[in-house]
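Contents: one structure, followed by commentary.
The values are calculated or read from the model by the stated rules, or taken from the named source; none is laboratory data. Since the structure is predicted, the reported quantities are computational estimates derived from the model, not experimental observations. Please note: Cβ atoms are built from the backbone with ideal geometry, for glycine as well, and neighbour counts cover all protein chains shown. Side chains are part of the model used for accessible areas, which takes the heavy atoms of the whole protein and leaves out ligands, DNA and RNA. Shrake-Rupley method; radii C 1.70, N 1.55, O 1.52, S 1.80 Å.
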Amino acid sequence: MSTAYLKPASLEDAYTARAEHPDYVLLAGGTDYMVGILHRPAPVGVIDLFGLSALTGIEAGEGVLRIGAAATYAVVLTDATVSESFPSLRTCVSEIGATQIQARGTLGGNIGTSSPVGDTLPVLLALDAILELGSSRGTRKVAYAEFCTGYRQTLLKEDEVIVAIELPLPSPGVQFWRKVGTRKAQAISKVMVAASARGSGETLTDVRLAMGAVADRPIRLGAVEALLEGQVPSLELAEQVRAAVADAITPISDLRSTAPYRLRSAQNLAARFVLQRVEAQA
Ligand SMILES: Cc1cc2nc3c(=O)[nH]c(=O)nc-3n(C[C@H](O)[C@H](O)[C@H](O)COP(=O)(O)OP(=O)(O)OC[C@H]3O[C@@H](n4cnc5c(N)ncnc54)[C@H](O)[C@@H]3O)c2cc1C
């Protein structure tokens, strides 16, 4: 049986195709979906969103930066507002795969796959991202913090498309991103930490601290955020953060890493967020 192929010319066409063919696969860059193509039956059909202009723009608007879900990482990397206002996202994206993957891979695809090791996902949590989801029934907005409901489970309905990712402006003045992998490029992360804070002077406020690869989904560490809230970064605070991270997560061992290594890395990265602020103030 051959696979049907649809290439919608507009977002409305994409919605119609999705409503009429819930059994077709939505495809953006294909850098996740195509990896396993030889190990499962061919899909009944494909709805190809790659390059659909309604999904590829990046626009700074009133209080928000709106990134089209099918904007490639290469495009995200060239956007001035991303560079100026969201350095944590920019750094994260610059470390995804390598040039070829960045030319095809999209934020919408990372969110759609919803892997616990999707690199951008903790960043979206730390930046309070909002997703715009659309279908023939209309559009709705969902906080990314609520979107992922379990291991590769999301709130996306079978007739919906991820349309855009909105990042609130002004952005947090303090942002942090670090991942640990076997090597610098083309390595799936063992642990990732993204963080942000607002506040004036040295005190951290509105702290967000998120991790990937330490649970069945990307998570925020509320207890660690509460510990950091209103504090001035110090060496003592960094040590307290290490202890609080150990209480907050229970990583697993798998083919990519061991539970103790993941825990130690997560503690070190979270402490580094604090230590970087200490160094910045010195
Ligand atoms: C060699 C290699 C290296 C990689 N390195 C990294 C890395 O360092 N970090 C990392 O996080 N990932 C990495 N990946 C995984 C992949 O590149 C990313 O997850 C990428 O963001 C996927 O985007 P895509 O557009 O290619 O998604 P696709 O493969 O096209 O789609 C992925 C899933 O998302 C769904 N989807 C796509 N777009 C939408 C939409 N608009 N609305 C609803 N659902 C949608 C699809 O239906 C599918 O289920 C790597 C992959 C490869 C092959």
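Write out, first by first residue and then by second, each pair whose Cβ atoms fall under 6 Å of each other, whose residues are 6+ apart or on separate chains, and whose first residue, in the range 32-58, is within 23 Å of Ala9 (Cα to Cα) and without any contact (Cβ under 8 Å) to a residue 60 or more places away in the chain while the second is acidic (Asp, Glu) and surrounded by 18 or more Cβ atoms within 10 Å (Cβ to Cβ).
Ile58/Asp79
Can you tell me which residue within the range 82-107, out of those that are part of a loop (DSSP other than H, G, I, E, B) and under 23 Å from Met211 (Cβ atoms), is most open to solvent (accessible area, probe 1.4 Å)?
Glu95
With the structure loaded, tell me whether Gln186 is open to solvent by 70 Å² or more (accessible area, probe 1.4 Å), in a loop (DSSP other than H, G, I, E, B), of a type outside the set (Phe, Trp, Tyr) and within 27 Å of Ile101 (Cβ to Cβ) or whether it fails that test.
The answer is yes for Gln186.
Considering only the range 110-159, how many residues are more than 18 Å from Thr91 (Cβ to Cβ), open to solvent by less than 10 Å² (accessible area, probe 1.4 Å), near the ligand (Cβ under 9 Å from one of its atoms) and outside any strand (DSSP E or B)?
2
Here's the yes/no breakdown for (1) touching a helix residue (DSSP H, G or I) at 6+ places or on another chain (Cβ under 7 Å); (2) within 15 Å of the ligand (Cβ to nearest atom):
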residue	(1), (2)
Arg178	yes, yes
Val191	yes, yes
Ala195	yes, no
Arg198	no, no
Thr205	no, no
Leu209	yes, no
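How many residues does the range 57-81 hold that are open to solvent by less than 50 Å² (accessible area, probe 1.4 Å) and within 20 Å of Leu169 (Cβ to Cβ)?
14
Can you find a residue that is assigned to a helix (DSSP H, G or I) and within 10 Å of the ligand (Cβ to nearest atom) anywhere in the range 19-28?
Looking through the range 19-28, none of the residues is assigned to a helix (DSSP H, G or I) and within 10 Å of the ligand (Cβ to nearest atom).
Taking Asp32 as meeting all but one of (1) open to solvent by 50 Å² or more (accessible area, probe 1.4 Å); (2) more than 22 Å from the chain's Cα centre (by Cα), write down the number of the exception.
(2) is the only condition that Asp32 fails.
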